[in-house]
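Q: My questions will all concern the structure given below.
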Amino acid sequence: MQILAPSPAELTRGRAATPIAFIRAIVLAYRRRGMDPASALAQAQIPPALLDDPAARVTAAQMEAMSGLAMQELDDEALGWFSRRLPWGSYGMLCRASLTSPTLEVAVKRWCRHHRLLTEDVVLELVPPRAGQRGNATICVAENVALGELREFCLVSTLRYLLGYACWLVDSRIALTEAAFPFPAPPHADAYAYLFAGPARFSADAASISFDARYLELPVRRDEKALQTMLQHALPLTVLQYRRDRLLVHSVGQVLNADPGAAHTAEEVAARLNLSVRTLHRQLKEEGVSLQRLKNDARRERAIKLLLQTTKPVKQIAAAVGFDSEKSFARAFREWTGAPPSAYRSGETIR
C-alpha cells in the first residue's frame, strides 16, 4: 500500500486544529522503539520546539504526513498503542474484509470482529437498538490493558478510523449524537468538535460514539477499485467531514409520511430537521431527488393504502392526501400509477 503524502506547500495550508498532544504521542512511540522522530517531524514541517507548547496545533495535512511516515518507519499502523505492532497494511486488511458487506451494519460488525484478530488490547463492539425499536446505535471500545500515556490518542484514533471508513463506505456523513471518552476533558477539548462533529462527553465509563441506527441500513457503495484509490490517501478520512447525508431522504420521508395531506413547505420541513432551506435543497439535489418528488411519493403511498385498505370514497381520499378536488387527484394518481383511483382499487388493468 502506497501513501500519497501532501506536498510541502499543502502541509501548513488550512486550519491548524489537531492538538500537538497527538504529535507528542507519535514522538513517544518513536522513543519507545529507540528511534529518532527528527526526520518525520522535519518532513511534516513541525518544529521540535512546538512539542513543548501544550496549546499548539497542527494542520490536518501535517498530522497526515507525520502519521504516515511514522506508520512506515515504525512498521506499526497502531503507532505504539498496543502490546504488539500492527504491521503495515493491517487497517487495509480490515477495510477489505468488510468491503463486500451489503449494509453498513454488516460492515461495522465485520470490522469489529476482525479487529480482534489484530489485537485484543482493545475490543470494539457495535450495540444496535433493541429489536423492533428505533434509536441510537453505539460503537463501544473496551480496554483490556492499560494504555498509559497513549490512551487518549489510541481511543480517539480507533474511533476516528472506524467512523471515517464507515462514512466513506456509504458515501455519507454519519451525524453523531454523542462521542464519549473515559478520561477528564483535556486542555484541547475544543478540538473534539472538529474531530467528531457532535457533542463530546468526558469522564464516561468507556469510549464510544453514538448515531441514528438508521445509518446502519444504508447500503455499501464502494468497490475494490475505489478501495485501492482510497488506501493511497486514507489518513484524511480520520478528519474528513462529509457534507452529504444520505439519511436525509429517509428523514424527509418521515416528516412527509406523518401527514401526507399537509402542504409541507420547504421552510417547514427544513425547520423540522434543523437545516436551512438552502442546505435542504442542496443535499436533496445531491441525492438526485427533490422535495416535490418526495411529497408526491408520500401522497401516492398514502393514497394507495387508503384505496386498498379502506372503503372511503375517492373524494375523501383525495382530501386526505392534500388535493382540493377529486378531479385533480385522479389526474395525479393516473400519472403516478397508470390507472385512475377507482380502477386501481378494483384491480382492473388499464391498457
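What follows is calculated from the coordinates using simple rules that are stated; it is not laboratory data. As the structure is a computational prediction, the values presented were derived from the model and not from experiment. Backbone-built Cβ (ideal geometry, glycine too); neighbour counts: all protein chains shown.
Q: Could you give the length gained by full extension between Q254 and Q232, i.e. 0.36 nm per residue of separation minus their alpha carbon distance, to one decimal place?
A: Here the segment from Q254 to Q232 would lengthen by 4.1 nm.
Q: Most fluctuating residue of A61, A319, A166 in a GNM of the chain with Cα springs under 10 Å: which is it?
A: Looking only at A61, A319, A166, the biggest GNM fluctuation is shown by A319.
Q: Listing D75, D212, D245, D53 from the residue with the fewest other Cβ atoms within 10 Å to the one with the most, what is the order?
A: Starting with the residue having the fewest Cβ neighbours, the order is D53, D75, D212, D245.
Q: Across the chain, how large is the tail of the calculated P(r) beyond 24 Å, expressed as a percent of all Cα pairs?
A: 64 percent
Q: Provide W168, W81, W336 in ascending order of the number of other Cβ atoms located within 10 Å of each residue's Cβ, fewest first. Please report the intermediate quantities before stating the final value.
A: Working: W168 20, W81 24, W336 16.
Ascending Cβ contact count within 10 Å gives the list W336, W168, W81.
Q: Name the residue, out of A191, A180, A320, whose mean-square fluctuation peaks in a Gaussian network model built on the chain with Cα pairs under 10 Å.
A: For the chain, modelled as a Gaussian network with Cα springs under 10 Å, the answer is A320.
Q: Let's see if you can work this out: charge +1 on each Lys and Arg Cβ, -1 on each Asp and Glu Cβ, no other charges. What is the dipole magnitude of the range 121-218 about its Cα centre, in debye to the nearest 20?
A: 300 debye
Q: Also, I was wondering about something else. Does anyone have the angle between helix 151-170 and the longest principal axis of the chain? Alpha-carbon axes, 0 to 90°, nearest 10?
A: So the helix axis and the longest Cα principal axis differ by about 40 degrees.
Q: Among residues other than L99 whose Cβ falls under 15 Å from its Cβ, what is the net charge (Lys/Arg +1, Asp/Glu -1)?
A: So the surrounding residues net to +3.
Q: For a quick check, take a GNM of the chain with Cα springs below 10 Å and name the residue from A78, A298, A175 with the largest mean-square fluctuation.
A: A298
Q: What is the dipole size for the chain, taken about its Cα centre, with +1 at each Lys and Arg Cβ and -1 at each Asp and Glu Cβ, in debye to the nearest 20?
A: I would put it at about 1500 debye.
Q: Find how much the distance from A185 to D36 grows on full extension, using 0.36 nm per residue of separation minus their present alpha carbon separation; answer in nm with one decimal.
A: 50.6 nm
Q: Using amide H atoms built in the peptide plane, which far-off residues or other-chain residues are under 5 Å from A78 H to H?
A: It is L86, by chain and number.
Q: In addition: Give me a comma-separated list of calculated 3J(HN,Hα) values for the range 135-150, in order, Karplus coefficients 6.51, -1.76, 1.60 applied at θ = phi - 60°, integers in Hz, x for any Gly or Pro.
A: Result, ordered by residue: x, 9, 9, 10, 9, 10, 10, 9, 9, 9, 9, 6, 8, x, 5, 8 Hz.
Q: Only Cα pairs under 8 Å and at least 6 apart count here; give the relative contact order of the range 106-196 as a rounded whole percent.
A: 20 percent
Q: If you take the charge dipole of the chain about its Cα centre, with +1 on Lys and Arg Cβ and -1 on Asp and Glu Cβ, which of A271, A142, A55 is farthest toward its positive end?
A: So the residue we want is A271.
Q: While we're looking at this one, here's another question. Name the long-range amide H neighbours of N136: under 5 Å, sequence gap of 5 or more, or other chain; modelled H, no Pro or chain starts.
A: Placed amide hydrogens put A213 under 5 Å from N136.
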